[in-house]
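Colleague: Below are the structure tokens for one structure; questions will follow.
Derivation of every value follows stated rules applied to the coordinates shown; laboratory data play no part. Computed from a prediction, not measured in an experiment: that's the story for all the values here. As a convention, Cβ positions derive from the backbone with ideal geometry for all residues, glycine included, and neighbour counts pool all protein chains shown.
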């Protein structure tokens with residue numbers, strides 16, 4: 001396990017849990033926390049025993065109350081204090097976006113168990129996760145216009161994909177804080193639960209994936225659905241689908257999937273994400289898919 005100061009990283013069976021761990025600050029986000037979450041994701045992706053990752057917040061009142069705007073948060077509230085003339089300089093990059101882009105690269109399913117307040121980056125970091133579950137006490141806010149800035153963490157790409165452009169515009173243009181029921185109606189969250197049942201429900205979902213599916217199939221499926229839904233033409237998806245079916249249908253996992261079905265037993269898929277991904281992965285690095 002990694003040694004962290006602003007998060008906790010725990011593995012229990014096939015599930016890793018990343019807990020934002022600054023409860024005295026409502027788990028407010030810092031650059032240090034960003035680096036720790038990215039490091040924890042490296043641990044999860046590199047561990048074939050981990051089949052899913054759950055995110056939650058320490059304490060009872062907040063998942064993440066947004067960026068830490070105090071000096072101990074690490075400098076300027078939203079960006080580096082260093083003067084920069086070149087907007088292409090790496091120091092200009094938004095810290096929330098660095099995190100969501102790392103989450104986007106995950107080979108494991110990501111589940112958010114939002115246990116309380118989630119505003120600013122506390123809301124936008126969830127958009128790169130695959131499932132968002134909320135406690136009935138959770139509250140969300142894309143409050144950037146009320147702070148004189150704009151949506152960050154690549155949320156202008158993620159949010160409309162999840163909830164549609166009209167809902168995304170309303171939440172971002174009003175900057176209002178809204179409850180779990182509105183988040184459910186708007187399509188931001190999968191389901192709402194009593195706080196005491198939230199983590200158990202998230203874990204049940206993670207185990208449903210871990211106990212029944214191929215890790216390689218899940219890693220490929222996650223990449224395909226996130227990336228190919230934005231392709232300009234379905235032919236791009238067809239090329240990736242075809243390569244994937246051709247390669248994976250000859251794999252040990254496919255043989256096990258068929259055999260376990262015929263024998264009416266639970267599958268035991270042998271392939272590993274760290275060593276058995278198809279030879280054309282990651283396909284998006286090839287010129288024809290750019």
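Colleague: With springs only between Cα atoms under 10 Å, which of 273, 240, 121 fluctuates most in a Gaussian network model of the chain?
Modeller: Per the Cα network of the chain with a 10 Å cutoff, 240 tops the list.
Colleague: What whole-number distance in Å separates the alpha-carbon centres of segment 1-42 and segment 257-290?
Modeller: About 29 Å separates the Cα centre of segment 1-42 from the one of segment 257-290.
Colleague: Still on this structure: Would you mind checking the tilt of helix 165-174 against the longest principal axis of the Cα atoms of the chain, expressed as 0 to 90 degrees and rounded to 10?
Modeller: Tilt relative to the chain: about 20 degrees.
Colleague: In units of 2.2 N^0.38 Å, what is the alpha-carbon radius of gyration of segment 162-290?
Modeller: So the Cα radius of gyration is 1.38 times the expected 2.2 N^0.38 Å.
Colleague: Relative contact order for the chain using alpha-carbon pairs under 8 Å, separation at least 6, rounded to a whole percent?
Modeller: Result for the chain is 16 percent.
Colleague: Follow-up question, since we're still on this one. Would you mind calculating the gained length between residue 229 and residue 176 on full extension (0.36 nm times residue separation, minus the Cα-Cα distance), in nm to one decimal? Could you put the intermediate results ahead of the total?
Modeller: Details: separation 53, 0.36 × 53 = 19.08 nm, distance 2.92 nm.
Contour length minus Cα-Cα distance gives 16.2 nm.
Colleague: Another question, if that's okay. How big is the convex hull of the Cα atoms of segment 7-209, per residue, in Å³?
Modeller: It comes to 114 Å³ per residue, whole-number rounded.
Colleague: Something else now. Mind checking the full-extension length gain between residue 246 and residue 161? Use 0.36 nm per residue of separation minus the Cα-Cα distance, one decimal, nm.
Modeller: 27.7 nm
Colleague: Using helices alone, I'd like the mean residue ellipticity at 222 nm for the chain: each DSSP H run of four-plus residues gives -39500 (n - 2.57), total over residue count, nearest 500.
Modeller: Result for the chain: -12000 deg cm²/dmol, rounded to the nearest 500.
Colleague: Can you give the FRET efficiency for residue 38 and residue 258, using 1/(1 + (r/R0)^6), R0 = 45 Å, r = Cβ-Cβ distance, to the nearest 0.05? Mind showing how you got there, number by number?
Modeller: On the way: r = 38 Å, r/R0 = 0.84.
Once rounded, the FRET efficiency stands at 0.75.
Colleague: Inverting the mean 1/r over all pairs of different Cα atoms, compute the Kirkwood radius of segment 214-289 and quote it in Å.
Modeller: Values: mean 1/r = 0.0748 Å⁻¹.
Final number for the Kirkwood radius of segment 214-289 is 13.4 Å.
Colleague: What is the angle, in °, between the Cα long axis of helix 95-104 and the longest principal axis of the Cα atoms in the chain? Nearest 10 is fine, range 0 to 90.
Modeller: 10
Colleague: Highest first, please rank the peptides 57-67, 228-238 by the mean number of other Cβ atoms sitting within 10 Å of their residues.
Modeller: On the way: 57-67: 22.5, 228-238: 11.5.
Ranking, from highest mean packing down: 57-67, 228-238.
Colleague: Still on this structure: Quote the relative contact order of segment 214-289 in percent (integer), defining contacts as alpha-carbon pairs under 8 Å separated by 6+ residues.
Modeller: 38
Colleague: Calculate how steeply helix 252-262 sits against the longest principal axis of the alpha-carbon atoms of the chain, using the helix alpha-carbon long axis, and give the answer as 0 to 90 degrees to the nearest 10.
Modeller: The angle comes out near 70 degrees.
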